[in-house]
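What follows is one structure encoded as structure tokens, with my remarks underneath.
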Amino acid sequence: MSGGLSGMFDPDRVAVVGATDRADSVGRALMENLLADFDGEAVPVNPGRDRVLDRECYPDVGSVPDPVDVAVVVVPAAVAVDAVREAAEAGVESVVVITAGFGETGGEGAARERDLRAVADEYDLDLVGPNSIGVLSTPAGLNATFAPTMALPGDISFMSQSGAFITAVLSWAEERGLGFKDIVSLGNKTVLDEVDFVDHWGDDPDTSVVLGYLEDVSDGRAFIETARETTGNTPLVVVKSGWTDAGAQAASSHTGAIAGSERAYEAGMDQAGAIRVETVEELFDFAQVLSGQPLPDTDDVAVVTNAGGPGVMATDAIGASDLSLASFAESTRADLRAVLPDETGADNPLDLIGDATVDRFRDTLDTVLRDDGVGGAVVIACPTATFDYADLAAVIRECDAAHDKPLVTCLMGGERATAAARALDDDGIPNYFDPARAVRSLDALARYRAISEREYDAPAEFDVDRERAREVLESVERRENNRLGVEAMDLLDAYGIDTPRGEILTDPTDAEAVARRYDGPVVMKIVSPDILHKSDIGGVRVGVPNDEVYDTFETLVARAHNYQSDATVLGVQVQESVDIDAGVETIVGMNRDPQFGPLLLFGLGGIFVEILEDSSFRVAPVSEREARTMTEEIDSAPLLRGARGRDSTDVDAVVEAIQRLSQLVTDFPAIEELDINPLVALPDGAQAVDIRLTVNPTQL
Ligand code: ADP
Ligand code: MG
């Protein structure tokens, strides 16, 4: 890929390959859009025409006398790849393929898409699409799309996997006065994808917010890494669509059953520093406020209102968000008392009561914004006869200009309020009817401030025995299915995760001999690839004294055959006992997501994992900080840190085990899912007593 995508958004000359005069055609709509506002030159290319829309038309890109920066391809699918090649041979570096009929149609289309990728690779093309509605960039007046409207100028850049969504948004944004810098319809993402645009806009001084409508990400890891760079100084807001939990259905491990692609999406977007939204309304609410308002220094905010009810609604919404109600400094309260009538208190939310005038709004708003403990404010005004919305808007703009703090408003009136709100818009102050919506926008600013302050550190690299781990994984090739159980405990050992001593025996006498070498009673487990959950069939016995080992061995084997007469029994594991009563059973697991890759899970373990669903997720590899956060953010975290007079467990050891597992699953893409359940967190150390994993031998 050639460096930077500026050539795509700021070209001097654009060729429309497949341009035509034919009414209602895409080729004509594109030409018309380009001729409308573009500062550069739009050149029609079509071997079947001499002129298109009164412009000289060329038979191919190579015949255009001046250099072409971008070729927009709208020819039929059957000749699209040839058209791209011809443009590339003529020296074009950026190509937008509007033509559909590629991978999205399967079969022949998929083959065509491979050909397209090959041409793009050969010529190192920056290629958008295919199956895209095009690209748009307001500074150059470039509308290389077949959307019916041009965007208003602004500093929001927007990428969308749905072209139709762009056309809808353009009309809607125009009504709201929302402007854009660049818009790209990603189409099939054959070459350029969300990572490329997040990267490009992160370095673009004219983009202050990046928006995404994404149905999938092509490379989750690359997305996380690139987005982290960008979101340090440019907010990224993503609306999700079409992410389903289909992945969870095929899973055979606990982690797999809990971790669907929904969880991976949540974890991945969060680790990327993206702000996730559920609705289109929120997408643009957040875009507008992030582009128009400064970030709050603190999460404590003020509510200034002339009506009690809406003030309570705002307060409730603050309670449900990451924000809090600021408590005013004593000096602020004194100043407020001086400007407010006696019957009003000086507390937050600040109720100016029904007869509030514009002056009262100004004095109080100015006073609370001067308080260092106030990060920003919500101003709510219901219509009364004591003030005029236009005057109030002027006062709010004054306060907005005087203080570097975010303001959001709820001018809750009809037409007069709306007209005043348009004046606020000019200063980037968003106005909403619903106080809760105003609070959510303010909250988005606070959330983004926290993201921009994040520090990401590199995952630790432990000294491990990779070869030995590989040997264990390769043992799956001698299996009838691709699952491994406690016979793979060595895998953990190779990666430095502590396990109690244990051995798998095929003979009860040998089992007895091994048990005698261990201190105290042992634990015995059936080992069979046909038995997923050993204790479900009575296949685990704890506290077995030496003299019961022989009989227990035979009982366990009999139970396996009772459960499934032709079950393959690899033997019985004799394992040292771990003092479960002194510790906490946790689960550390991984389920590989098709988009984000290895998704780690940490939670309370044992038999309640799936019922409690008290778990934390991260895409691997994780840093020590992330691993520690996982142990802190589950609801039962206090259990690990010693609740109700119990000793605290060795959380550091758990944190290290998570990191080591993270390294293991990152090193071996062949591991599809893996559970350590339980990893027993003890007062001193953490012991993995059980493992279950699924291996994809083709990835080894
Ligand atoms: P499975 O999950 O297949 O039923 P496990 O090996 O996880 O089998 O054993 C089930 C339960 O038995 C564990 O959750 C734990 O409570 C207990 N257990 C297993 N191994 C040990 C051990 N070495 N020491 C103490 N308790 C154990
Ligand atoms: Mg288990």
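Please treat every number below as a calculation from the coordinates, not as lab data. Everything quoted here is computed from the prediction, not taken from an experiment. In this analysis, Cβ positions are derived from the backbone assuming ideal geometry, glycine residues included, and neighbour counts consider all displayed protein chains.
Would you calculate the convex hull of the Cα atoms in segment 43-145 and tell me its volume per residue in Å³?
Cα-based convex hull of segment 43-145, divided per residue, equals 99 Å³.
So which GluC sites (Glu not before Pro) in segment 580-651 are both in a DSSP loop and have at most 15 other Cβ atoms within 10 Å of their Cβ?
GLU613
Segment 302-368 to segment 94-131: how many Å between their Cα centroids?
Each part's Cα centre sits 58 Å from the other's.
May I ask for the net charge around ALA287, where only other residues with Cβ less than 12 Å from the Cβ of ALA287 are counted and Lys, Arg are +1 while Asp, Glu are -1?
For residues surrounding ALA287, the net value is -2.
Around GLU113, with a cut-off of 14 angstrom between Cβ atoms, what is the net charge of the other residues, counting Lys and Arg +1 and Asp and Glu -1?
Surrounding charge for GLU113 is -1.
Note the angle between two axes, namely the Cα long axis of helix 389-402 and the longest principal axis of the Cα atoms of the chain, as a number of degrees from 0 to 90, rounded to the nearest 10.
The helix 389-402 is inclined about 60 degrees to the chain.
So for segment 275-350, considering every pair of alpha-carbon atoms, how many percent are separated by more than 20 Å?
46
What fraction, in whole percent, of alpha-carbon pairs in segment 6-241 exceed 31 Å separation?
17
Expressed as a rounded percentage, what relative contact order does the chain have, with Cα pairs under 8 Å and six or more residues apart?
Taking the mean separation of contacting Cα pairs over the length of the chain, I get 9 percent.
Provide the three semi-axes, in whole Å and in decreasing order, of the ellipsoid equivalent to segment 611-700 as defined by the square roots of 5 times the Cα gyration tensor eigenvalues.
Equivalent-ellipsoid dimensions as semi-axes: 26, 13, 12 Å.
Tell me which residues come under 5 Å, amide H to amide H, from ASP650 once H is placed; ignore anything under 5 positions away on its chain.
Close amide H contacts, sequence-distant or interchain: LEU682, ASP684, GLY685.
Could you work out the per residue convex hull volume over the alpha carbons of the chain, in cubic angstrom?
Once divided by residue count, the hull of the chain is 186 Å³.
Filter the GluC sites (Glu not before Pro) in segment 272-363 to those in DSSP coil with at most 15 other Cβ atoms within 10 Å of their Cβ, and list the result.
GLU278, GLU343
Quick one: work out the % antiparallel among DSSP beta bridges in the chain, nearest 5.
Around 50 percent antiparallel, to the nearest 5.
How are the Cα pair distances of segment 294-452 distributed, in percent, across 10 Å bins from 0?
Over segment 294-452, the share of Cα pairs per 10 Å bin runs 12, 46, 37, 6, 0 percent.
Need one number: nm distance between label points at SER452 and TRP172, each 7 Å from Cα along Cα→Cβ, rounded to one decimal.
Going by the 7 Å Cα→Cβ label model, 2.6 nm.
Using a cut-off of 16 Å between alpha-carbon atoms, which lysines can reach LYS525, once sequence neighbours fewer than 8 places away in the same chain are excluded?
Straight-line reach from LYS525, under 16 Å: LYS534.
Give me, ordered by chain and number, the residues 5 or more places off LEU152 or on other chains with an amide H under 5 Å from its own placed amide H.
Close amide H contacts, sequence-distant or interchain: PHE180.
Please go through segment 257-355 and write out the chymotrypsin sites (Phe, Trp or Tyr not before Pro) that DSSP classes as loop and that have at most 10 other C-beta atoms within 10 Å.
Sites meeting the loop and neighbour criteria: none at all.
Under 12 Å from the Cα of LYS189, which aspartates and glutamates turn up, not counting those fewer than eight places away in the same chain?
Cross-link targets: GLU104, GLU113, ASP126, GLU215, ASP216, ASP219.
In 10 Å bins starting at 0, how do the alpha-carbon pair distances of segment 541-700 split up by percent?
Over segment 541-700, the share of Cα pairs per 10 Å bin runs 10, 33, 31, 21, 5, 0 percent.
What aspartates and glutamates could a cross-link reach from LYS181, if we take a straight Cα to Cα line under 14 Å and drop same-chain neighbours fewer than 8 places away?
Straight-line reach from LYS181, under 14 Å: ASP10, ASP155, ASP203, ASP204, ASP206.
Which value at 222 nm does the chain reach when only helices count, each DSSP H run of 4 or more adding -39,500 (n - 2.57), with the total divided by all residues and rounded to the nearest 500 deg cm²/dmol?
Dividing the helical sum by the residues of the chain leaves -11500 deg cm²/dmol.
In whole angstrom, note down how far apart the Cα centers of segment 489-550 and segment 609-647 are.
Answer, in whole Å: 28.
Pop a pseudo-label 7 angstrom from the Cα along the beta-carbon direction at both GLN699 and ASP316 and give the gap in nm to one decimal.
According to this spin-label approximation, the distance is 4.6 nm.
List the residues, sorted by chain then number, that are 5 or more residues from GLY571 or on another chain and whose placed amide H is less than 5 Å from its amide H.
Amide H neighbours of GLY571: VAL527.
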